[in-house]
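Asks: Pasting in a structure now, in structure tokens, and then I'll have a few things to ask.
Derivation of every value follows stated rules applied to the coordinates shown; laboratory data play no part. Just so we're clear, the structure is a prediction, and the values are computed from it rather than from any experiment. Neighbour counts run over all protein chains shown; Cβ positions are idealised from the backbone, glycine included.
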Amino acid sequence: MAELSLAGLTKRYGDGPPAVDTLDLTVAEGEFLALLGPSGCGKTTTLRIVAGLVPPDAGVVRLGGRDVTAEPVHRRGIGLVFQSYALFPHMTAGANVGFGLEMRGMARAERDRRVAEALRMVRLEGLAHRKPRELSGGQQQRVALARAIAIRPSLLLLDECLSNLDAKLREEMRGEIRDIQREAGITAVFVTHDQTEALAMCDRVAVMREGRIEQVGTPEEVYERPATLFVAGFLGRMNRIAAPVATGAGRLAPGQVAMVRPHRVRILRDGADPGGAENRTQGTVRRITYIGDVVQVEAETPLGRLAAEVSGAAPEWRGLAPGAPVGFAWAAADTLAFADPA
């Protein structure tokens, strides 16, 4: 494993704005970092520059302290897992996993040992003889991952590698990829537009927008303490409040936007004491959405349209219906304030 360092990375296509704009980022040895953002934010271009598939217009890529900016892909010691898996259809799973080792001229006995080890790590020991068409989507994804780790890369790059899987399998693979990365001790960068994947799998998350990094932090930091209005709105659900309210720093200042996460909003029934919730409002239920373990209650209030999220087992939402009166309350410390870009 090795530290990855990006300094001043810039890439422009044509006359438009840069796809990657003077980006600086460090990924520590053994760390699992997500590049998260909407389509067109520059995350995949950044990954492709790191991999050596796209040359930067400016900036430096260092891997383990070594400048690899001008080095070709095969000399960087990087494992790649693509969205399409890119398996050779005429080869068995074992041959696919061993392909990179064979290209490196590794002796047959050592190659077979490495292939067996990689297939064991992805729990495909008994399927080495099968071809990709004989494997499920999840198994193909595991083969692609085994092929990447078989070469024992210093850096593992994963590009939207879960997006072709169904929801249940995607959830299972999140944990498995994380376990494999930890077991192998590989530094890894994971590109995704799915915030749940980024928060659930990675040590840190770098949220990107228009070629730049808006914030880098642990999953808890970027979710609970977003640094910008964009990060707050992109990560998770958020209420935007249309009137001055109390924040952790006092009253909302002119030129600021107030926001609060729905899971921080409490539902008040029958004059219940909100206890420690400085912000409160009354409204009329607009919609109730049952999602199993979570229930969303949305209401029209003097502060705008607000939503609260509670456990499906909680009693507060029982008996509510569209048109019914409801109270909402939340603590000033849970109110996020940002400069209004407008």
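Asks: Apply 1/(1 + (r/R0)^6) to the Cβ-Cβ distance of ALA7 and ALA249, taking R0 = 45 Å, and write down the FRET efficiency to the nearest 0.05. Don't skip to the end; give the middle numbers.
Replies: On the way: r = 34 Å, r/R0 = 0.76.
That pair, ALA7 with ALA249, gives E of 0.85.
Asks: So for the pair GLU134, ASP57, with labels modelled 7 Å out along Cα→Cβ, what separation do we get in nm?
Replies: Rounded to a tenth, the inter-label distance reads 5.0 nm.
Asks: Less than 20 Å apart at the alpha-carbon level, and either on another chain or at least 8 residues along: which aspartates and glutamates does that give for LYS168?
Replies: Cα-Cα hits under 20 Å: ASP159, GLU160, GLU176, ASP179, ASP194, GLU197, ASP293.
Asks: Oh, and also: What does the charge dipole of the range 240-339 about its Cα centre add up to, to the nearest 20 debye, if the Cβ of each Lys and Arg holds +1 and the Cβ of each Asp and Glu holds -1? All intermediate terms of the calculation are to be shown ahead of the outcome.
Replies: Details: 11 positive and 9 negative charges, 43 e Å.
In total the dipole reaches around 200 debye.
Asks: With the dipole of the range 4-234 worked out from charges on the C-beta (+1 for Lys and Arg, -1 for Asp and Glu) around the Cα centre, which of PRO72, MET91, ILE49 lies farthest toward the positive end?
Replies: Positive-most Cα among the choices belongs to MET91.
Asks: Suppose the chain between SER84 and ALA333 were pulled fully straight at 0.36 nm per residue; how much longer would it get relative to their current alpha carbon spacing?
Replies: 85.2 nm
Asks: To continue, here is another question. Mind checking the dipole of the chain: about its Cα centre, +1 per Lys or Arg Cβ, -1 per Asp or Glu Cβ, Debye to the nearest 20? It would help to have the intermediate numbers written out before the result.
Replies: On the way: 42 positive and 41 negative charges, 146 e Å.
Its charge dipole is roughly 700 debye.
Asks: Between ARG240 and THR196, what FRET efficiency follows from the Cβ-Cβ distance if R0 is 30 Å, with the result rounded to 0.05?
Replies: Numbers: r = 22 Å, r/R0 = 0.72.
For R0 = 30 Å, the calculated efficiency reads 0.90.
Asks: Could you tell me the calculated FRET efficiency between ARG152 and THR26, based on Cβ-Cβ distance and R0 = 22 angstrom, to the nearest 0.05?
Replies: The computed FRET efficiency comes out at 0.50.
Asks: For the peptides 190-199, 147-156, 20-29, what is the packing order when you average, over each peptide's residues, the other Cβ atoms within 10 Å and list the highest mean first?
Replies: Top to bottom by mean Cβ count within 10 Å: 147-156, 190-199, 20-29.
Asks: Hey, another quick one. If each DSSP helix of 4+ residues adds -39,500 (n - 2.57) and the sum is divided by the residues in the chain, what number results at 222 nm, nearest 500 deg cm²/dmol?
Replies: -7500 deg cm²/dmol
Asks: Would you mind computing, in nm to one decimal, how far apart the modelled labels at GLU183 and ARG305 are, each placed 7 Å from Cα along Cα→Cβ?
Replies: Here the modelled spin labels are 4.7 nm apart.
Asks: Run the dipole for the range 59-169 about the Cα centre, Lys and Arg Cβ at +1, Asp and Glu Cβ at -1, nothing else charged, and hand back the magnitude in debye, nearest 20.
Replies: 260
Asks: Also: Normalised by the residues of the range 240-339, what does the relative contact order come to in percent, with Cα pairs under 8 Å and at least six apart?
Replies: Across the range 240-339, relative contact order equals 41 percent.
Asks: Also, I was wondering about something else. Can you find, among GLY312, VAL257, VAL326, the residue sitting farthest towards the positive end of the charge dipole of the range 240-339, where Lys and Arg contribute +1 and Asp and Glu -1 at Cβ?
Replies: The one lying farthest along the dipole's positive direction is VAL257.
Asks: Then there is this: Can you pull the percent of Cα pairs in the range 4-234 with separation above 32 Å?
Replies: Values: 4993 of 26565 pairs.
Percent of Cα pairs beyond 32 Å in the range 4-234: 19.
Asks: Now for a separate question. How compact and how long is the range 248-338, expressed as Rg and Dmax of its alpha-carbon atoms in Å?
Replies: Gyration radius and largest Cα-Cα distance of the range 248-338: 13.1, 40 Å.
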